Every structure is written in structure tokens, then in C-alpha cells.
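Data block below; observations after.
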Amino acid sequence: MFVSDFRREFYELVQSQRVLLFVASDVDALCACKILQALFQCDHVQYTLVPVSGWQELETAFLEHKEQFRYFVLINCGANVDLLDILQPDEDTVFFVCDTHRPVNVVNVYNDTQIKLLIKQDDDLEVPAYDDIFRDEEEDEDHSGNDSDGSEPSEKRTRLEEEIVEQTMKRRQRREWEARRRDILFDYEQYEYHGTSSAMVMFDLAWMMSKDLNDMLWWAIVGLTDQWVQDKITQMKYVTDVGILQRHVSRHNHRNEDEENTLSVDCTRISFEYDLCLALYQHWSLHDSLCNTSYTAARFKLWSVHGQKQLQEFLADMGLPLKQVKQKFQSMDISLKENLREMIEESANKFGMKGMRVQTFSIHFGFKHKFLASDVVFATMSLMESPEKDSSGTDHFIQALDSLSRSNLDKLYLGLELAKKQLRATQQTIASCLCTNLVISQGPFLYCSLMEGTPDVMLFSKPASLSLLSRHLLKSFVCSTKNRRCKLLPLVMAAPLSVEQGTVTMVGIPPETDSSDRKNFFGRAFEKAAESTSSRTLHNHFDLSVIELKAEDRSKFLDALVSLLS
């Protein structure tokens, strides 16, 4: 059931209870969690936080805790499957689900008692009508009560014939209804996509209760930016949501210049920026950022000698000395830094790159620390999917969660260093995939498989890192290929997960087109292909388009996928 009044039907209900939070391992979920934690601390609400990276962890954690809690809050997990079927809870258990995954499962939508959906109704949900999906059992029971009164045999026969005709009609109507239901559900569940950021939904709740702080606003901004960095939402949706947050930024960070209202030096300030879409450029050298941002690397084709020459021409066109470009951004001449954005945009337009500037936000902690929202997204994502062998997923989760607090800037800087390694490895892997022609057309989709022993291959066994690599690879491939048909194809990518168990992680990415609505059909396609070939797969991730597969079953699974999508 959709909750219409978040404050009354959710927050005031759990305020006096002990609550269990299940939080998925993505940056938007972390930001939503931080906002909710801040609200709970404000009102002294007792809660337990459990990070979950997939369905198996969610089921295990629920079984472990279901005796002690009645109220469960799920962030970025649980909306797109039948929760009651998976978790089998007691009848008095209540789940509050704040999730960006779409489409929302119809059972969750129409369950009034146990499932409360904290989802914005203005999202384009298109949920089918109740009567098209569910039928009352009484309708289907045959009212075959034979009246054994002493009437004539001929009358009985006529009545029996009428009943047989009536039952036949009912059965036919039932079959037609079931066929129609199958079609409606197929259309509704065919594509996977994402709705409004959970962090924005939680910030909205804080704002309605007049408890919104600048920190919460920043987390909402980072949550939205995470969706944009990972291509989960369309450009139109991103710009619309940036507009909403911009109004809040003006409200929170507006100070008159008179004596009474001046901000202290070490205050947090958030500002709207029309900044360069270069990854981490303020914490790196400009040259490294240009080489490791997917947009510029793909447009210049930096994996080729010609591409490297083009980059040199681009820098020469801007009139920037190589010595300046290759040193840390902070150490560049102030006179160059002041006009850098305009210089880069002007030269980028000459080279046919129109999308060099993007609407975003930055945060200042005093005079020393300044971060763009995308910097924080990359840093937090890298901390969460860190390839360290010694620490567990929960340790990474907690470290990533801590890095979002302004009291833990050292962790954020550590995340930025990890993010630089990750971005470098991503571009090197893309270069080797394109130079050795590893991206092959399978007919209805492109396919690329990373081999065991490839440098940095363990970085890409995690879902978010592999998805990001796949998206960047597809962008670069589209820029490099001459084949027009291949430019419109989606991509399936596989990377080794565990050598001992012989498993691979596989991810499906929708086509890279300007008009793309970011809807992904691979979730359902993977399920059907695995079913039809009895491939040993594990659909454990909250994103349905990411699966784990036994390496031996890969060829038959791909064959089934090709015939399914042809």
C-alpha cells in the first residue's frame, strides 16, 4: 500500500517503537539511511541497522531478528518482489519500504496491512488496476447446488443443461481473464528502471517535520548524484530533481551580508554550481581527470595513438602549459584556475563535446575542504566496494557510511584515493577490451567477457563497479565503432567472481542512446534464459539485471539469451 502521509502513517507510528533498518549497499541507500538516523537521534528512536547486499542476506537477517522487532524499514530493497512470499513474516509484522527499484510488485501495492510503501506517487508508476490482477475466490466457486425437489425429469434436464452452459461460459471467461492478466503483468514487469532517489524521499520527510538540516540536504544531493553518475535516471529527471533541491539550497545557505548573520569560517556551505563533468578533477591533476573521465576518454578515443594526439591538440587549443595540466589541481596558477571552466567549455565545443558542463552542487567545510557531489559519490562507492581481502562487507559499509559525516574527512580522502585507482583501472580495462576486440556482437546484443588473470579483474567482481565499467565500455565502443547497428545495441558483460567456485558476475546494460529512457529489460530476460536452459544462476542482487552464473553454463545461457531476444 502506498503511504500518503509519511509523517502520520510512518514516522509517528515508529517513533515510540524499536525499529530495524535493512539498508542496501548503494550510495543513495546510505544517504537515505544517514537522514533517517539523524531524525531518529533527534527523537530518541531506538533502532538497529543491518546492511544487506542481496536477497540471501536480507532473508538471513530477517530470520535472525524477526522475534525482537515488529517494525522493519527497508531502504533500496524489497519493492520489486513479493516481500511476504520471500520473508514469510508473522501477521503483525509491518514493513516500511523506501525503494527506488521499479516496477513495484503488485502484491506489495495492494497489501493494506503489512506492506507500507514510502514511494512518491508522482513517479510514473503505471500500476495495473486491482480487478485486472486479482479475483475474489467466491466468484470462481461453482454454485452447483442441484435442487432435488420433486419436479418433472424434463425440467431437471433443462436446468442441468443451463447450468452446464453457465459453467462453460464461466470457465471461458476465467481463461480469458487469466490470459489478459498474464499480458498486463508482462507489460508491467518487462522493464526495470529507477524512481525518485530514496535520500530525496527521506529529506522530504525531514522537511515536512521542519527538522531538515544542511547536512541532510547534502546527503539528499549525494543520493540524487549517485543516480546520475550510475545512469539510473534520465537527464530530464535529474535536471527536474536538481531544481527541487536548488530551492532548498537557497533556503538553507542564504545569509545576508550584515554583521549579525555572517557565517563563521568553519561553517558548512552548500552552493549550486554549473561545473565541469570531469571526475575528481579538483583532487587530481587536470590531465589525469581528462584521461579517466568516461565522457572525454570516449570522445577523444584515448585508447588509440590518434586519441592521445587529439588530447594534446585540445590542451594546446586551451593554451594550458603541460606543466600546469599535469600537476595537482590545487597547485595550478590561480590566474588559470579562475577561467578554467570557460576555457575548457570553449575548446570542448570546437571538438564537438557539448556536454562538458553539468548542473551540480558543491560543499565547503571552512576554506580548506571543497567537494563536488560527484566526488563524494565516487569516494563512497569505492569504500563500499573496496577489494580488500581482510575486511568484511559490513566493515566496508560502515566505513562508507562514516565517510559521509563531516567529522570523518580523513575517510572521505581515503575514498577519493581508492576512487582514482578504480577510475584508472576502468579506463585501462576499456582500452584493452577495445584494442583486443573483446566486445563482440551476438546478434541482438553486444557481449564482453573479462578473462581470469586480467589486471585489476577483482575490482570488477562487485556489481556497482562492473555496472559502471560496462556503461563506460559501451559509451567508448559506440564512439569507436563504424557499424551503425552496433551503436544501438545493449551490452552484456561478464567478470570472474570466484575461481574456487567457478562463478562469474554478469550484468546487462540498456543501449547507449540520447533518447534512452534508462529502462532495462535484462532482468526478466536473464530469468527466462536461466529457466529454459536449467543454468545454475543466483539472482541474489536487488538489481535484477545483475546475476551470478556458473562459468560452465555460460555458453548455453548466452545461446538461450540470443534466441530469446532475437
Study note, to complete from the structure: A chain fully extended from Glu163 to Asp402 at 0.36 nm per residue, minus the present Cα-Cα distance, gains in nm 79.1 nm
Point to revise | Loop-resident sites, region 165-259, for GluC sites (Glu not before Pro), counting at most 10 other Cβ within 10 Å (DSSP) | key: Glu257, Glu259
Exercise for review: Please sort by residue number the GluC sites (Glu not before Pro) in region 374-457 whose DSSP state is loop and whose Cβ has at most 15 other Cβ atoms within 10 Å.
Suggested key: Glu388, Glu452
Point to revise | Selection from Thr454, Ile547, Leu322, by position along the positive dipole direction of the chain (Cβ) | key: Leu322
Check your understanding: Does region 426-566 classify as rounded, prolate or oblate by the C-alpha gyration tensor (a ≥ b ≥ c root eigenvalues; a/c under 1.5 gives rounded; else a/b over b/c gives prolate, otherwise oblate)?
Key -> oblate
**Study point:** Probe 1.4 Å, protein heavy atoms only - accessible area per residue of region 455-554 in square angstrom
**Key:** 42 Å²
**Study point:** Distant-in-sequence amide H partners of Leu491 (H built 1.01 Å from N, under 5 Å)
**Key:** Leu446, Ile509
Check your understanding: Using a ≥ b ≥ c from the Cα gyration tensor of region 226-345 (square roots of the eigenvalues), is it rounded, prolate or oblate, where a/c under 1.5 gives rounded and otherwise the larger of a/b and b/c decides, a/b for prolate?
Key -> oblate
Exercise for review: Highest first, please rank the peptides 345-358, 20-33 by the mean number of other Cβ atoms sitting within 10 Å of their residues.
Suggested key: 20-33, 345-358
Exercise for review: Rounded, prolate or oblate: pick one for region 1-109, where a ≥ b ≥ c are the square roots of the eigenvalues of its C-alpha gyration tensor, a/c under 1.5 means rounded, and failing that, prolate if a/b is larger than b/c, else oblate.
Suggested key: rounded
**Study point:** Cα-centred dipole magnitude for region 406-482, charges only on beta-carbon of K, R (+1) and D, E (-1), debye, nearest 20
**Key:** 280 debye
Study note, to complete from the structure: Straight-line reach check, Lys170, cutoff 30 Å on alpha carbons, 8 or more apart in-chain or any other chain, hits among lysines -> Lys156
Review point. Which one of Phe69, Phe522, Tyr130 has its Cα pushed farthest toward the positive end of the charge dipole of the chain, where Lys and Arg give +1 and Asp and Glu give -1 at the Cβ?
Key: Phe522
Practice item. Given the peptides 546-557, 211-222, 435-446, arrange them by the average over their residues of other C-beta atoms within 10 Å, most packed first. Key: 211-222, 546-557, 435-446
Study note, to complete from the structure: Of His306, His539, His396, His364, ordered by accessible area with the largest first and a 1.4 Å probe, the sequence is His306, His539, His364, His396
Practice item. Kindly rank 198-209, 55-66 from highest to lowest mean number of other beta carbons found within 10 Å of each residue. Key: 198-209, 55-66
Check your understanding: Under the Karplus relation 6.51 cos²θ - 1.76 cosθ + 1.60, θ = phi - 60°, what is the ordered set of whole-Hz ³J(HN,Hα) values for region 523-528, x standing for Gly and Pro?
Key -> x, 5, 5, 4, 4, 5
Point to revise | Simple spin-label estimate for Gln235 and Arg172 in nanometres, 7 Å along Cα-Cβ | key: 5.4 nm
Point to revise | Estimated vicinal HN-Hα couplings, Hz - region 55-62 in sequence order (Karplus 6.51, -1.76, 1.60; Gly, Pro = x) | key: 4, 4, 5, 5, 4, 4, 5, 5
Study note, to complete from the structure: If the chain between Glu59 and Gln41 were fully extended at 0.36 nm per residue, the gain over the current Cα-Cα distance would be 3.8 nm
Review point. What part of the accessible area of the chain, given as a whole %, is carbon or sulfur when the probe is 1.4 angstrom?
Key: 49 percent
Exercise for review: Could you size up the charge dipole of the chain around its Cα centre, putting +1 on the beta carbon of Lys and Arg and -1 on that of Asp and Glu, and report it in debye to the nearest 20?
Suggested key: 3380 debye
Point to revise | Cα-based radius of gyration of the chain once divided by 2.2 N^0.38 Å, which approximates compact folds | key: 1.11
Point to revise | Using alpha carbons only: equivalent-ellipsoid semi-axes of region 298-428, gyration tensor based, whole Å | key: 31, 20, 13
**Study point:** Calculated from backbone phi, Karplus (6.51, -1.76, 1.60) coupling profile of region 204-212 in Hz, x at Gly/Pro
**Key:** 4, 4, 4, 5, 4, 8, 6, 10, 6
Review point. In the chain, with Lys and Arg counted as +1 and Asp and Glu as -1 at Cβ, which of these residues, Val94, Gly393, Ile115, has the Cα nearest the positive end of the dipole, that is, farthest along it?
Key: Gly393
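The values are calculated or read from the model by the stated rules, or taken from the named source; none is laboratory data. On a predicted model such as this, the values are computed, not experimentally measured, just so you know. Please note: Cβ atoms are built from the backbone with ideal geometry, for glycine as well, and neighbour counts cover all protein chains shown. The area values use the complete protein model at the heavy-atom level, side chains included, leaving out ligands, DNA and RNA. Shrake-Rupley method; radii C 1.70, N 1.55, O 1.52, S 1.80 Å.
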